[in-house]
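Remarks on the structure that follows.
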Amino acid sequence: MSHHFDPAPIAAKFGIPAADLGIELISHVLDGVEYENVLLFNNKNTVPVAGVISIPNYFGISQKALEVTATIIGLGPHQAILVGDVYGKTVRPTTPDEGVAAIVPLKKERAELRKRMNAVLDAFKGQDKVKLNGKLGASGFCFGGTAALELARSGAALQAFVSVHGALDTPNPEDAKNIKGAILVLHGVQDPSVPRDQVNAFIDEVSAANLDWQLVNYGQAGHSFTDPDAKNPGFFYHQKTAERASVALKNFFAEKLA
């Protein structure tokens, strides 16, 4: 059991009693580096569950990241969530500069990002705290949305992938032919980091691959619309959009991971 995190606010956002929330640290090693993921689950569940990977924004794993995951993704009656670490357990950014320093190399080296995402997936499948039923989804916030889409482009065998206010660009659009699951993109139109031509290029990418994809454009939202602390122009919290996006995401996972 993790003592790093306060379970009460996380459980409250999931809508379950704090005593029912399981929090376990799931470690894995890749290329000699130790990573530490956080598994969230309802410990009253006795049946196998669908697995959802959640990748936080550029600050990585933190108490707030777990609370945002709980708020937006929720915990379906038969789901467990692995909040994935793609930085390594010693990298926990606390300032925007540290966050940018953590993601820039991974945005430049998409092969490395895909490798780290697949390592998170393998760690989820290999853990013994919850029994998975074989249905898997991946979701991410901001940088995490990019990470979820790169996991999809790597050909990972998941049923569903979601980007929540993430960047949509990729150096190899033809890799969309590798994608095995359905895609949902939840995008704030006022996001300065994801301009309209990037959105259109993504539409072309997934259309050319004839995928099951959806793109929801939220007109009053920018980047970071699920982050209660985001307050900058173009990068701001928008409660109504966060609530709508949560409904869309939960419906998508309910459909694809049922």
Study note, to complete from the structure: Note, the stretch 89-100: 3J(HN,Hα) by Karplus (6.51, -1.76, 1.60, θ = phi - 60°), whole Hz, Gly/Pro = x, goes 5, 8, 9, 10, x, 10, 10, x, 4, 5, x, 4
Review point. How large is the helix-only mean residue ellipticity at 222 nm for the chain, computed as the sum of -39500 (n - 2.57) over DSSP H runs with n ≥ 4, divided by its residue count, in deg cm²/dmol to the nearest 500?
Key: -11000 deg cm²/dmol
Check your understanding: Cα gyration tensor of the chain, axes a ≥ b ≥ c as square roots of the eigenvalues: rounded (a/c below 1.5), prolate (a/b > b/c) or oblate?
Key -> rounded
Review point. What are the semi-axes of the equivalent ellipsoid of the stretch 212-255, taken as the square roots of 5 times the eigenvalues of the Cα gyration tensor, listed largest first and rounded to whole Å?
Key: 22, 11, 7
Revision key, fill the gap. Note, residue 10: beta-carbon cut-off 14 Å, +1 each Lys/Arg, -1 each Asp/Glu, net -2
Practice item. With springs only between Cα atoms under 10 Å apart, run a GNM on the chain and tell me which of 135, 44, 107 wobbles the most. Key: 44
**Study point:** Per residue accessible area in Å² of the stretch 25-70, where ligands, DNA and RNA are left out and the probe is 1.4 Å
**Key:** 35
Practice item. Order these peptides, 136-143, 67-74, by their mean beta-carbon neighbour count within 10 angstrom, highest first. Key: 136-143, 67-74
Exercise for review: Could you list which residues have their amide H under 5 Å from that of residue 135, counting only those 5 or more apart in sequence or on another chain, with H placed in the peptide plane?
Suggested key: 51
Point to revise | Straight-distance crosslink candidates among aspartates and glutamates, where the alpha carbon sits under 15 Å from residue 256 and sequence neighbours closer than 8 are dropped | key: 212
Practice item. Taking only protein heavy atoms into account and a 1.4 Å probe, give the accessible area per residue of the stretch 129-258 in Å². Key: 42
Point to revise | Portion, in percent, of the accessible area of the stretch 175-258 that falls on carbon or sulfur, probe 1.4 Å | key: 49
Point to revise | Highest-fluctuation residue, 90, 170, 241 considered, GNM on the chain with Cα pairs under 10 Å | key: 90
Review point. Taking amide hydrogens as modeled 1.01 Å from N in the peptide plane, which residues meet the under 5 Å criterion relative to residue 30, leaving out close sequence neighbours?
Key: 35
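The values are calculated or read from the model by the stated rules, or taken from the named source; none is laboratory data. Since the structure is predicted, the reported quantities are computational estimates derived from the model, not experimental observations. Every residue, glycine as well, gets a Cβ built from its backbone with ideal geometry; the counts of neighbours run over all protein chains shown. Surface accessibility is based on the protein's heavy atoms, side chains included, excluding ligands, DNA and RNA. Shrake-Rupley method; radii C 1.70, N 1.55, O 1.52, S 1.80 Å.
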